[in-house]
Amino acid sequence: WADDVTIGNRVFFRGGFAALNSSREGELFTAGHRAAGQSDGSTGYYVGAGTELMLSHDVWGMMKNIAVLGEIGVEFKRWDSSTVANSDTPPVTGESTGGLSKVQMTMLTVNVSPKVKFMQGSDFQPWVIPVGMDFHVISPPSNQTQYLDVGVQFGTGAEYRIWKELWLGVDGRYHVASNQTNTVNNYGTVGAYVAIGF
């Protein structure tokens, strides 16, 4: 453990399945003049990356082999939007092109979270995020043209050292937003990641 102060930091790359609690069916920018039910996609994928910075290998001397880290991450989500429509509507623009262009529903999240890792010193390390801070950007905007939101996230997962400081892991997270955009932005993710220690 002599060099533990230099071990435990990670750079990671994540990806997997994502699901919104509620679709954005019927909104101006997602549905336009399409029929009901044609913009109700609520699942998709996510990709992300970030870093973990070691704060303490033993909870500041209180718990041996349990580490506390700070995670800073960026995550992009693309929700199922294969059936959403052109947002152009006659009441808004005075004319309609009649086009059926695809509106891609996306979401960008930046998070800052504490992460507690167990079994320090072993090749297998489970972890939890008790609660972390989220900052969201949704696209397209809401009916009120708002697009910024804040919230919290909770997560759990585990990682395994496959070679030196190369780790593979799985994680699941749930995000609760404050819905500042007047849309329901709560969602969950489950996926895998690769991490490189430094």
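The values are calculated or read from the model by the stated rules, or taken from the named source; none is laboratory data. It should be emphasised that the depicted structure is a prediction, and the values quoted were computed from it without experimental measurement. In this analysis, Cβ positions are derived from the backbone assuming ideal geometry, glycine residues included, and neighbour counts consider all displayed protein chains. Heavy atoms of the whole protein, side chains included, go into the accessibility calculation; ligands, DNA and RNA do not. Shrake-Rupley method; radii C 1.70, N 1.55, O 1.52, S 1.80 Å.
General remarks:
- Under the condition of being aliphatic (A, V, I, L, M) and open to solvent by 90 Å² or more (accessible area, probe 1.4 Å), the residues counted in segment 140-161 number 1.
- Pick from segment 162-179, criterion assigned to a loop (DSSP other than H, G, I, E, B) and either farther than 27 Å from Q104 by Cα or among the small types (G, A, S) (or both), ranking: most open to solvent (accessible area, probe 1.4 Å): K164
- Close contacts from segment 42-69, counting a first residue that is among the acidic types (D, E) and a second that is open to solvent by 70 Å² or more (accessible area, probe 1.4 Å) and in a loop (DSSP other than H, G, I, E, B), with Cβ to Cβ under 6 Å and a gap of 6+ residues or different chains, come to D58/K64.
- Near pairs, Cβ below 6 angstrom, 6+ apart or cross-chain, from segment 167-191 (within 30 Å of D123 (Cβ to Cβ)) to any residue that is open to solvent by 20 Å² or more (accessible area, probe 1.4 Å) and of a type in the set (A, V, I, L, M, F, W, C): L168/I162; L168/V194; V170/A192; G172/V190; Y174/F154; G188/A19; V190/F17
- Residue match in segment 55-62 (condition: open to solvent by 20 Å² or more (accessible area, probe 1.4 Å), part of a strand (DSSP E or B) and at pLDDT 95 or above): yes
- Residue count, segment 73-116 (criterion: modelled with pLDDT under 65 and part of a loop (DSSP other than H, G, I, E, B)): 16
- Criterion: modelled with pLDDT under 95 and under 30 Å from V116 (Cβ atoms) - qualifying residue of G70, G8: G8
- Complete set of residues in segment 164-198 that are out of contact with any Leu (no Cβ under 9 Å at 6 or more places or on another chain) and closer than 14 Å to F154 by Cα: D171, G172, R173, Y174, H175, V176, A177, T189, V190
- Residues of segment 117-139 satisfying the condition of being open to solvent by 50 Å² or more (accessible area, probe 1.4 Å), outside any strand (DSSP E or B) and on the phi < 0 side of the Ramachandran plot: F118, D123
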